[in-house]
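J.: First the structure, which I've put down as structure tokens, then a few questions once you've had a look.
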Amino acid sequence: MPRQLILSLDGREFPVTLVKIDREKLYGSVEIEAFDEKGREASLRVLAADGKTLIDRGGTALTTVNEKGTSVDRTSLKAVDEDADPIEPVPSSFNEPNELKPATLDDYLSQMFKSLYLIQPAPEDGDLSYLKDHLDGEQIYTFPFSWRGGVEYDQAFVLGTDGEAFMVVGKPAEFEYVKLNQASALDSMGSEEEEISADDIDFDLL
């Protein structure tokens, strides 16, 4: 059973489920298969640093190490800010009702978006008409959102179109202005979505 998120508007609570909308659902997907001259399926291997050892899938892993190079358990790590003060973790948004607050179009457009979800009513409470009536008036709502809990919240926006309600999750865009011939480092935002290359796109599907 999918996890239920509770949205709260004007004192009313709406238990909902989220259906993630990704590139595959929008555009379809393409699988690339490779075969050798004898028709045998090829598989990906990793070449080790010695230049001759091939490592099969599942033969590598990531670990966290301390300054001495000793592996440490991630559960023992604590988040701190730039002053080394502990950061209070935020809870999962699925643990309690989330109050929707009005947002402006500028608020919405100033986000770097990470994920898109279709909002559906929970099985035992199938009435979202009150919420959708407000969204049909081109109103946008927002609330802090965290799927599993963690160091900080993302920002979620709830909006609607054609009788459907959607939730868009992202973070405020922080633009760094530079002068001519001045270099600037790009800070890539973490995302649960995978990167996609041009080779993965089949433009016949668009």
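J.: If a residue has to be over 28 Å from Asp85 (Cα atoms) and touching a Phe, Trp or Tyr at 6+ places or on another chain (Cβ under 6 Å) to count, how many in segment 160-178 make the cut?
T.: 2
J.: Hey, any hits in segment 126-141 for a residue that's closer than 23 Å to Arg3 by Cα, of a type in the set (Asp, Glu) and modelled with pLDDT under 85?
T.: Within segment 126-141, one or more residues are closer than 23 Å to Arg3 by Cα, of a type in the set (Asp, Glu) and modelled with pLDDT under 85.
J.: Give the residue, chosen from Asp107, Asp127, that is touching a strand residue (DSSP E or B) at 6+ places or on another chain (Cβ under 8 Å), within 19 Å of Phe14 (Cα to Cα), surrounded by fewer than 16 Cβ atoms within 10 Å (Cβ to Cβ) and of a type outside the set (A, V, I, L, M, F, W, C).
T.: Every option except Asp127 fails the conditions.
J.: Out of segment 1-49, which residues are of a type in the set (Val, Ile, Thr) and surrounded by 10 or more Cβ atoms within 10 Å (Cβ to Cβ)?
T.: Listed by number, the residues that qualify are Ile6, Val16, Thr17, Val19, Ile21, Val30, Val46.
J.: Read through the list (1) among the aliphatic types (A, V, I, L, M); (2) modelled with pLDDT under 85; (3) surrounded by 10 or more Cβ atoms within 10 Å (Cβ to Cβ), then give the number of the only condition that Ala173 fails.
T.: Here Ala173 clears every test but (2).
The values are calculated or read from the model by the stated rules, or taken from the named source; none is laboratory data. Values in this document were obtained by computation on a predicted structure and should not be read as measured data. Neighbour counts run over all protein chains shown; Cβ positions are idealised from the backbone, glycine included.
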